[in-house]
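Notes to accompany the following structure.
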Amino acid sequence: MAYAQHLLIFCLASYLKEGLAHNSSVPPNPANFSVLPTGCGQDVKSLYFALCDLTAAWGIVLEAVTSLGILCTLALGLIFVALAPSVSQDARKGTLALNFLFLVGVLGLFTLVFAFIVAPSSTVCIVRRFLFGVLFAQCFACLVAHSVRLNYLALRNKGPGGCLVFLLAIGLFLVEAVINVEWLLITNVRQTLQDSESSGPPCSITNEDFVTALVYVMLLIVASLVIPCPVLCGHYLQWKRHGRHIVLTAFFSLLIWIAWIIMYLYGNGRLQRPSWDDPVLAIALASNAWVFVLFYIIPQLMEMTRSGYKYDDDTLNILKRNSDIPQSIVMENRAFSMDNLDAAESVISRHEQDKPISPYSNYTGLYPTLNLHPGDMETVSHIPLHIPRISMEPWRYHL
């Protein structure tokens, strides 16, 4: 019995000794004041050092720019909700749900910037990898669906309904969501336990794999740039303005994507700056979200305040509209205008002079009635009555 008690005490002591040795081998807490970055307090965890580190100012600058973008997007969303009931025309109602979905996507892009500012962890890396492509696909799918509708409106001034266009955007957006879910499952399952040290399997992904998973989003960008181009050749100023907004938004977005992909795949490696990967992605998110706000959301809100649809005002279309008016109406208005009344009378008199004179023009078929006294009736009765006859010599008449 005593031997068992001594054995139990010995095991507890060995466990305590092992625990103390393990604790002593753990590196010191980064929250210690001596290792804290400049600008961070003692209660700030190491995960959020980039949000307050004054020596690495990129995090603070992006934090300020992103916060301003979130506030602007929320304000624009409130304005959009306030203006939506005032839209009475069916052609404009068709894009209200689409624009609201776009606003939600832009707000998500601004919020996702913070996931690239903080230090990577297993949960943070999963959020980064999944939402980066999904949120961009949501925005560009709205642009593609709007472009498809504009092509119909530019031809016939009539287009698909708002529900159909909204379902098209949802379908394009869900394709990227399915791709990202499958990509996360495949890449996490193939990771081994040896690769799951420190940051974990979600963070141990190469830059090439990250960009490859965004190929579908790149196709949406190209589609949103090409599809609205025929709208710019239409006759309706309203739809041409919408087309210009989409083309400008897609063009600047394409430039941003080319820049960050080149920097992310080749630039950081050439400069030997692997720590710049997260800033590059965060800058791409913030800049592209601001492009969406400036070149699409604000112009769409301005279009909601416009009234009516105008036809193109160039000379060719003015001539075309005049040619559509019936010619008889134009001549009638010119002939019987008050300014040309005298000229019209002279024309009428000239036409009457040119008419042939009929021998029956003065004959009415009635005997002449005169106010005569009874004594004069006998004299009147002896007046010969000459009835004109048709002559067999038509050349005697003025034909």
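The values are calculated or read from the model by the stated rules, or taken from the named source; none is laboratory data. Remember, predicted model here, so these are calculated numbers, not experimental data. A quick note on method: Cβ atoms are made from the backbone with ideal geometry, for glycine too, and the neighbour counts reach across all protein chains shown. The area values use the complete protein model at the heavy-atom level, side chains included, leaving out ligands, DNA and RNA. Shrake-Rupley method; radii C 1.70, N 1.55, O 1.52, S 1.80 Å.
Kindly indicate whether L150 is crowded, with 19+ Cβ neighbours inside 10 Å, in a helix (DSSP H, G or I) and either hydrophobic (A, V, I, L, M, F, W, C) or more than 29 Å from the chain's Cα centre (by Cα) (or both). In short, yes. Residues that are under 16 Å from N288 (Cβ atoms) and open to solvent by less than 30 Å² (accessible area, probe 1.4 Å) do occur in region 95-102. A Cβ distance below 7 Å, combined with a sequence gap of six or more or placement on separate chains, defines the contacts here; from region 293-320, residues that are at pLDDT below 50 reach residues that are open to solvent by less than 20 Å² (accessible area, probe 1.4 Å) and not in a strand (DSSP E or B) in the pairs Y309/Q238; K310/Q238; Y311/N317. Of all the residues in region 253-311, those that are farther than 30 Å from L153 by Cβ and among the aromatic types (F, W, Y) number 4. Annotation: G59 fulfils all but one of (1) modelled with pLDDT under 75; (2) in a helix (DSSP H, G or I); (3) more than 30 Å from A154 (Cβ to Cβ); (4) open to solvent by less than 80 Å² (accessible area, probe 1.4 Å); the unmet one is (1).
The residue that is farthest from the chain's Cα centre (by Cα), counting only those in region 123-138 that are under 19 Å from L51 (Cα atoms) and surrounded by fewer than 18 Cβ atoms within 10 Å (Cβ to Cβ), is T123. Search region 79-98 for residues that are modelled with pLDDT of 85 or more and of a type outside the set (D, E, K, R) and pair each with any residue that is surrounded by fewer than 13 Cβ atoms within 10 Å (Cβ to Cβ) and assigned to a helix (DSSP H, G or I) when their beta-carbon atoms are under 9 Å apart and the residues are at least 6 apart or on different chains. So the pair list comes out as A97/C163. Just for region 153-191: of the residues that are touching a residue at least 60 places away in the same chain (Cβ under 8 Å), among the small types (G, A, S) and out of contact with any Phe, Trp or Tyr (no Cβ under 6 Å at 6 or more places or on another chain), which one is surrounded by the most Cβ atoms within 10 Å (Cβ to Cβ)? Once the filter is applied, the top-ranked residue is A169. Just wondering, is there one or more residues in region 29-41 that are open to solvent by less than 80 Å² (accessible area, probe 1.4 Å), farther than 30 Å from G162 by Cβ and modelled with pLDDT of 70 or more? Among the residues of region 29-41, at least one is open to solvent by less than 80 Å² (accessible area, probe 1.4 Å), farther than 30 Å from G162 by Cβ and modelled with pLDDT of 70 or more, which makes the answer yes.
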